[in-house]
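One structure below.
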Amino acid sequence: MLTDLESIKQKEADATRVKVLSEALPYIQKFAGRTVVVKYGGAAMKDSDLKDQVMRDLVFLSCVGVRPVLVHGGGPEINSWLAKLNIEPQFKDGLRVTDAATMDVVEMVLVGRVNKEIVALINTAGGKAVGLCGKDGNLIKARPHDKEGIGFVGEVSTVDTKVLETLANSGYIPVVSSVAVDATGQSYNINADTIAGEIAAALDAEKLILMTDTAGILIDYKDPSTLLTQLDIKKARELIQTGVVSGGMIPKVNCCVRSLAQGVRAAHIIDGRIPHALLLEVFTNSGIGSMILASEFIR
């Protein structure tokens, strides 16, 4: 039996929970039936508590009528298995050099291990998930990357969304790994951010959300207080040209810009190290990261 003090605390907690749900209602109504594509990576894939929270957040989105699609990579896991097989990881201009042996490992790890682990976690959290790669239902057709000397690294040629729409219409959460094939059936390793952006564009998504290990786009990468919470395509391109956005953030911002140019309503770069980052970004006014919008939609 609860003491008077415990009863008071319980009532306060219940009141806070109800208040939060009530305040989220306008956002739930706004995004019900809309597609949100999430690129899952970074610390959120490695920390078990964060991993569980992301899965619950995805299930929550699905339960309130949002149609989430999850895209994932798995670089650290690939490196771990390459080490076990005595294959030295190599990178060129930030891209993993993918020879035939490395491609076999990439496919084994991303499609056979990481993808199915995520599916199992979503199902355990009460959702319904189905794991896919670019090969399934001709989801993604690849073409060789234009950089030389990097092996079977690809770019997205086409996206066929039929299998994704069939799953989403049936209440399933598609989980997509970043492996695809070309017209001859050759497998390619494709950057997960790129795949997420192209899928978001093909699905006419409401939002593209990239989970990272940074607060978002910072004017000074050493100072979190310089976070840009909202910017348009023009400003994003300007930041790349002036070097404010550099290194690994360049392909992420370019991915966002490309998806917006193809009709996605908003692109977000958020800190996946923050608990329930997805819900904070989608269901609050302030959000937690950087939101990039096409100029005509800036507000």
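The values are calculated or read from the model by the stated rules, or taken from the named source; none is laboratory data. What you see is a predicted model, and the numbers here were worked out from it, not measured in a lab. Positions of Cβ are backbone-derived with ideal geometry, glycine not excepted, and every protein chain shown enters the neighbour counts. Keep in mind that these areas ignore ligands, DNA and RNA; they rest on the heavy atoms of the full protein, side chains included. Shrake-Rupley method; radii C 1.70, N 1.55, O 1.52, S 1.80 Å.
Among the residues of the stretch 83-114, write down those that are aliphatic (A, V, I, L, M), within 22 Å of Glu148 (Cα to Cα) and part of a helix (DSSP H, G or I). Scanning the stretch 83-114 gives Ala100, Ala101, Met103, Val105, Val106. Of the numbered criteria (1) in contact with a strand residue (DSSP E or B) (Cβ under 6 Å, 6 or more places away or on another chain); (2) open to solvent by 10 Å² or more (accessible area, probe 1.4 Å); (3) touching a residue at least 60 places away in the same chain (Cβ under 8 Å); (4) not acidic (Asp, Glu), the one Val97 fails is (3). Of the residues contained in the stretch 196-206, none is found to be in contact with a strand residue (DSSP E or B) (Cβ under 9 Å, 6 or more places away or on another chain), β-branched (Val, Ile, Thr) and open to solvent by 20 Å² or more (accessible area, probe 1.4 Å). Of everything in the stretch 115-147 that is in a helix (DSSP H, G or I), touching a residue at least 60 places away in the same chain (Cβ under 8 Å) and open to solvent by 10 Å² or more (accessible area, probe 1.4 Å), the residue that is nearest to Thr98 (Cα to Cα) is Leu121. Among all residues of the stretch 2-12, there is at least one that is basic (Lys, Arg), more than 22 Å from Ser177 (Cα to Cα) and either open to solvent by 30 Å² or more (accessible area, probe 1.4 Å) or modelled with pLDDT of 75 or more (or both). Could you say whether any residue in the stretch 224-231 is open to solvent by less than 20 Å² (accessible area, probe 1.4 Å) and in contact with a Cys (Cβ under 9 Å, 6 or more places away or on another chain)? Looking through the stretch 224-231, none of the residues is open to solvent by less than 20 Å² (accessible area, probe 1.4 Å) and in contact with a Cys (Cβ under 9 Å, 6 or more places away or on another chain). Within the stretch 234-246, the set of residues being at pLDDT 90 or above and either open to solvent by 20 Å² or more (accessible area, probe 1.4 Å) or over 21 Å from the mean Cα position of the chain (by Cα) (or both) comprises Lys234, Lys235, Arg237, Glu238, Leu239, Ile240, Gln241, Thr242, Gly243, Val244.
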